[in-house]
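Just so you know, all these numbers are worked out from the coordinates, no wet-lab data involved. The model shown is predicted, which means the values in this text are computed figures rather than measured ones. When we count neighbours, we look across all protein chains shown, and the Cβ atoms used for this are built from the backbone with ideal geometry, even at glycine.
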C-alpha cells in the first residue's frame, strides 16, 4: 500500500509552512503615538547587508505608517505575552488611538532609530525601510537592520530555550511553542 495524499484547500495551503515565529512590528504615527501589529510572516533575507522581510497587507494601518516613517522595529515577545500579542493583531490603531497603552504594553524609544520598542518584549531589531514590493494581497516590507539587542542572558548565537519560550503562530487564533530541546547534528 502506498501513502494516502489528502488535498489541502489553497485557502489554507500557506499553513503547511507554519508554525511561524510571532513578532510585533511597531512604528510611530505622525503625532509620535506608538502603534504595533502582530506578524508571523517574517524572515531574514540577507546577512550582508542584514535584511529582513515582513509580509503586510496594504490595508493595515502599520503598513501605512511604515511607508511614511521609513523606519520600524521588530519586537520579539515571550509566551507570557500571548494574549496581548494576539490583541495587537485584532485591534486596529486606526480606530483605537494608542492601542498599545489600552492593551497594557509600554514603549520606549529605540537605541539608534526613532522607533517604539515594546518594553515587555525580549529581543529587538531596529530597521530602516529598504524596499517595498507588491506581492499579491500583501506587500513585502524589506528592512535593513540598524541595531539588534536582547534582554538578559537569553541569546548567544541562538536563544537559550531553557530560559525563554517564544510564540509561534499556527494560523487564525491558534499558537504553539517549542520545547526547550536543541538538537545538534
Self-check item: Structure-derived P(r) over Cα pairs in 10 Å bins from 0, in percent: which label, when the choices are (1) 9, 35, 35, 18, 3; (2) 9, 36, 40, 14, 0; (3) 9, 36, 37, 14, 4, 1, 0
Solution: (3)
Practice problem: List the relative contact order of region 18-173 as a percent without decimals, with contacts defined as Cα pairs under 8 Å and 6+ residues apart. | Solution: 29 percent
Quiz item: So for region 19-125, what percent of the C-alpha to C-alpha distances run longer than 17 Å?
Solution: 48 percent
Quiz prompt | Fewest-first sequence of 169, 138 by Cβ atoms within 10 Å of each Cβ | solution = 138, 169
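Exposure proxy check: 141, 103, 183 ranked by fewest other beta carbons within 10 Å?
Lowest count first: 183, 103, 141.
Normalised radius of gyration for region 30-83, please: alpha carbon Rg relative to 2.2 N^0.38 Å, two decimal places.
1.27
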Quiz item: Which order results if 124, 5, 155, 72 are arranged by neighbouring Cβ count within 10 Å, fewest first?
Solution: 5, 155, 124, 72
Quiz item: Evaluated at 20 °C with a viscosity of 1.002 mPa s, what Stokes-Einstein diffusion coefficient in µm²/s does region 92-185 have when Rh comes from the Kirkwood expression over alpha-carbon pairs?
Solution: 131 µm²/s
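How much mean residue ellipticity at 222 nm does the chain get from its helices, if each DSSP H run of length 4 or more adds -39500 (n - 2.57) and you divide by all residues, to the nearest 500 deg cm²/dmol?
-3500 deg cm²/dmol
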Quiz item: What is the Cα convex hull volume of region 1-50 when expressed per residue in Å³?
Solution: 149 Å³
Exercise. Would you calculate the separation in nanometres between label points at residue 43 and residue 160, each defined as 7 Å from the Cα along the Cα-to-beta-carbon direction?
Key: 3.0 nm
